[in-house]
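One structure is given below, encoded as structure tokens.
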Protein chains: 4
Amino acid sequence: MITVKRLDLADAGILLAGARAKASEIGVPMCIAITDEGGNLVAFERMDGGKVTSITIAIDKSFTASGAKKATHEYGTASQPGAPAYGIASAISGRLMVVGGGLPVIVDGDVVGGIGVSSGTPAQDIEVAEAGIAAFLAAQG
Amino acid sequence: MITVKRLDLADAGILLAGARAKASEIGVPMCIAITDEGGNLVAFERMDGGKVTSITIAIDKSFTASGAKKATHEYGTASQPGAPAYGIASAISGRLMVVGGGLPVIVDGDVVGGIGVSSGTPAQDIEVAEAGIAAFLAAQG
Amino acid sequence: MITVKRLDLADAGILLAGARAKASEIGVPMCIAITDEGGNLVAFERMDGGKVTSITIAIDKSFTASGAKKATHEYGTASQPGAPAYGIASAISGRLMVVGGGLPVIVDGDVVGGIGVSSGTPAQDIEVAEAGIAAFLAAQG
Amino acid sequence: MITVKRLDLADAGILLAGARAKASEIGVPMCIAITDEGGNLVAFERMDGGKVTSITIAIDKSFTASGAKKATHEYGTASQPGAPAYGIASAISGRLMVVGGGLPVIVDGDVVGGIGVSSGTPAQDIEVAEAGIAAFLAAQG
């Protein structure tokens, strides 16, 4: 058998709080999703004013980042016309997200979960996701 | 035009906390989802040990309760063989939940959102959802 | 963070072999699926003559058993007309299986994965799934 | 009536073993799927460390290659902007894969099945799929 580490709900709360603080700071209400390393949802928040369409997008960004162990914007680059992963965006019934805003959460080299953010520009979504991870890593001491 | 009242994220946090406290008290880690009056997800938590299958079920119970303005267990009764709503359980690609654990959140006679709980028995799920609503109503003063 | 134990591919191979041997013994070619504790597929085999419709059914039985930490036939009982979980069978886009043949794989009290079997009668499917688990547990020493 | 040749489970095992050996050699744990000429899954393995998102992708690459009798990377070329099959990637609810890693298995000019590999770069996925086919063809004597 394998032993794996994964985010728990307390960790998810720290990720959410860090992301939410950054979203408030930049003035963009966000949908924020946290998944475990198996891609399964642990926690979700839609801030007041967050987009309805972003609910699924945030969840799927987090699913992609944790399940594929890769930032979604890396897929964005790799899936441009002519690039090797062109066309991957519609995989898994469209759940495979190639738009920025999904990041794996990595501890000691292992992916333990993911965070997905949506409602702003992809650059804003990435910034907010990074803030969530920064808060989480800071709390690891 | 219409003005609607709906749960905000702060309200969702109160509903989650009330439900989580009851789940801890009865010793059943739960998936808990909060939707607004449009049936759209506002917040979600999978407590440590909550079932993976219950992620979607909790979200869909809340979707059903807020969207249909009815407790999911009412549909359970109405959808028995020979009853008027027989077969409704597979509607909306199976999102229409008829198992107990989804309750509308009602303020001054208006449905302002929903709560959906899953991982225990339907009776436990209902008990935890009710505790969430009780906490919310108490906070309304 | 949480540390979880889960089936690896070698474990899945033992589960498959145990189930396949029993299927051959009773003369019913089966579809056999193995999932980890997060409900994600680890291995699958359709024996020659196994049913095409059983591919998804076996996978979803295993998903249900591992994700809900419960045998699928328990849901069969609990979801009869008039019973508390009536209507659950169409949940998660129909992935929630209530037909026998899905069993959680349990080690030291923890669900570490699941096995799902389909192509025979539910009683045959359960017998084959149990044989897979027996082979796995015997190999744990 | 037509008589078709198709992979059996023993063949699938040879394909899997050949692919797995190459994946180990290049150090990339893969998801590997084998389908018959009808596009239906015969066998699947997720090597330890294979990506969760690659489960469906590997299965769909194999489905595409066997069902369309064409390597998925051929669709990648044909579906570029301005090319004749532009947009095909989202067909069949996104199951039509245009990313490399899916190959038809051909015997005496007939497609008898497919192999789909995912978790590495498309080039690595193709290399591993080719190794599976090479092992299969070698065993045909």
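The values are calculated or read from the model by the stated rules, or taken from the named source; none is laboratory data. Everything numeric here is computed off the predicted structure, so don't read it as measured data. Every residue, glycine as well, gets a Cβ built from its backbone with ideal geometry; the counts of neighbours run over all protein chains shown. Note: accessible area is taken over every heavy atom of the protein model, side chains too, but ligands, DNA and RNA are not part of it. Shrake-Rupley method; radii C 1.70, N 1.55, O 1.52, S 1.80 Å.
Of all residues in segment C:113-131, those that are out of contact with any strand residue (DSSP E or B) (no Cβ under 6 Å at 6 or more places or on another chain) and in a helix (DSSP H, G or I) total 7. Per this entry, B:Lys51 is not counted among residues that are closer than 24 Å to B:Ala89 by Cα and under 11 Å from the mean Cα position of the chain (by Cα).
Sort out which residues of segment D:92-104 are assigned to a loop (DSSP other than H, G, I, E, B) and more than 8 Å from chain A (Cβ to nearest Cβ), and write them in order of number. If the condition is that a residue be assigned to a loop (DSSP other than H, G, I, E, B) and more than 8 Å from chain A (Cβ to nearest Cβ), then D:Arg95, D:Leu96, D:Gly101 are the ones that fit. With respect to the conditions (1) of a type outside the set (Asp, Glu); (2) out of contact with any strand residue (DSSP E or B) (no Cβ under 7 Å at 6 or more places or on another chain); (3) within 18 Å of C:Thr53 (Cα to Cα), D:Ala33 lacks only one, and its number is (2).
This table checks each residue for (1) touching a residue at least 24 places away in the same chain (Cβ under 8 Å); (2) touching a helix residue (DSSP H, G or I) at 6+ places or on another chain (Cβ under 7 Å).
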| position | (1), (2) |
| --- | --- |
| B:Lys70 | yes, no |
| B:Gln80 | no, no |
| B:Gly87 | no, no |
| B:Ser90 | no, yes |
| B:Arg95 | yes, yes |
| B:Val98 | yes, yes |
| B:Val107 | yes, no |
| B:Ser119 | yes, yes |
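The residue that is farthest from C:Ile34 (Cα to Cα), among those in segment C:112-124 that are buried (at least 21 other Cβ atoms within 10 Å of the Cβ) and aliphatic (A, V, I, L, M), is C:Val112. The selection criterion, being within 26 Å of A:Val4 (Cα to Cα), in contact with a Gly (Cβ under 9 Å, 6 or more places away or on another chain) and at pLDDT 95 or above, holds for C:Lys70.
Just checking, which of A:Ala83, A:Ala65, A:Ala89 is open to solvent by 20 Å² or more (accessible area, probe 1.4 Å), in a helix (DSSP H, G or I) and within 11 Å of chain D (Cβ to nearest Cβ)? It would help to see each step written out before you state the result.
Details: A:Ala83 fails: in a helix (DSSP H, G or I); A:Ala65 fails: open to solvent by 20 Å² or more (accessible area, probe 1.4 Å).
Being open to solvent by 20 Å² or more (accessible area, probe 1.4 Å), in a helix (DSSP H, G or I) and within 11 Å of chain D (Cβ to nearest Cβ) holds for just one of A:Ala83, A:Ala65, A:Ala89, which is A:Ala89.
Taking the conditions exactly as written (closer than 19 Å to C:Gly87 by Cα and polar (S, T, N, Q)), does B:Thr35 satisfy them or not? When the stated conditions are applied, B:Thr35 does not pass them.
Out of all the residues in segment D:8-18, is one or more touching a Leu at 6+ places or on another chain (Cβ under 9 Å), aliphatic (A, V, I, L, M) and more than 16 Å from D:Arg95 (Cβ to Cβ)? Full working, then the answer.
Of segment D:8-18, the ones touching a Leu at 6+ places or on another chain (Cβ under 9 Å) are D:15.
Checking the rest, the ones that are also aliphatic (A, V, I, L, M) come to D:15.
Filter once more, keeping what is more than 16 Å from D:Arg95 (Cβ to Cβ): D:15.
For segment D:8-18, residues touching a Leu at 6+ places or on another chain (Cβ under 9 Å), aliphatic (A, V, I, L, M) and more than 16 Å from D:Arg95 (Cβ to Cβ): present.
Taking segment B:107-132 as the range and being out of contact with any Leu (no Cβ under 9 Å at 6 or more places or on another chain) and either of a type outside the set (D, E, K, R) or within 10 Å of chain C (Cβ to nearest Cβ) (or both) as the test, the residues that pass are B:Gly109, B:Val111, B:Ser118, B:Ser119, B:Gly120, B:Thr121, B:Pro122, B:Ala123, B:Gln124, B:Asp125, B:Val128, B:Ala131. Within segment A:6-57, the residues that satisfy the criterion of being open to solvent by 30 Å² or more (accessible area, probe 1.4 Å) and among the basic types (Lys, Arg) are A:Arg20, A:Lys22, A:Lys51.
If you go through segment A:44-94 and keep only what is under 25 Å from A:Ala10 (Cα atoms) and acidic (Asp, Glu), you end up with A:Glu45, A:Asp48, A:Asp60. For segment B:82-99, check the following and say yes or no: at least one residue is touching a Gly at 6+ places or on another chain (Cβ under 7 Å), modelled with pLDDT of 95 or more and among the hydroxyl-bearing types (Ser, Thr, Tyr). Checked segment B:82-99: no residue is touching a Gly at 6+ places or on another chain (Cβ under 7 Å), modelled with pLDDT of 95 or more and among the hydroxyl-bearing types (Ser, Thr, Tyr).
Consider segment A:92-111. How many of its residues are on the phi > 0 side of the Ramachandran plot and either open to solvent by 30 Å² or more (accessible area, probe 1.4 Å) or of a type in the set (Gly, Ala, Ser) (or both)? Break it down into steps so the answer makes sense when it comes.
To start, the set of residues in segment A:92-111 that are on the phi > 0 side of the Ramachandran plot comprises A:92-94, A:101, A:108-109.
Next cut, either open to solvent by 30 Å² or more (accessible area, probe 1.4 Å) or of a type in the set (Gly, Ala, Ser) (or both) only: A:93-94, A:101, A:108-109.
The total comes to 5.
Across segment A:1-57, the number of residues qualifying as free of Cβ contacts under 8 Å to residues at least 24 places away in the same chain, away from chain C (no Cβ under 14 Å), of a type in the set (A, V, I, L, M, F, W, C) and assigned to a loop (DSSP other than H, G, I, E, B) comes to 1. The conditions of being free of Cβ contacts under 8 Å to residues at least 40 places away in the same chain, open to solvent by 20 Å² or more (accessible area, probe 1.4 Å) and not small (Gly, Ala, Ser) are not met by A:Glu127.
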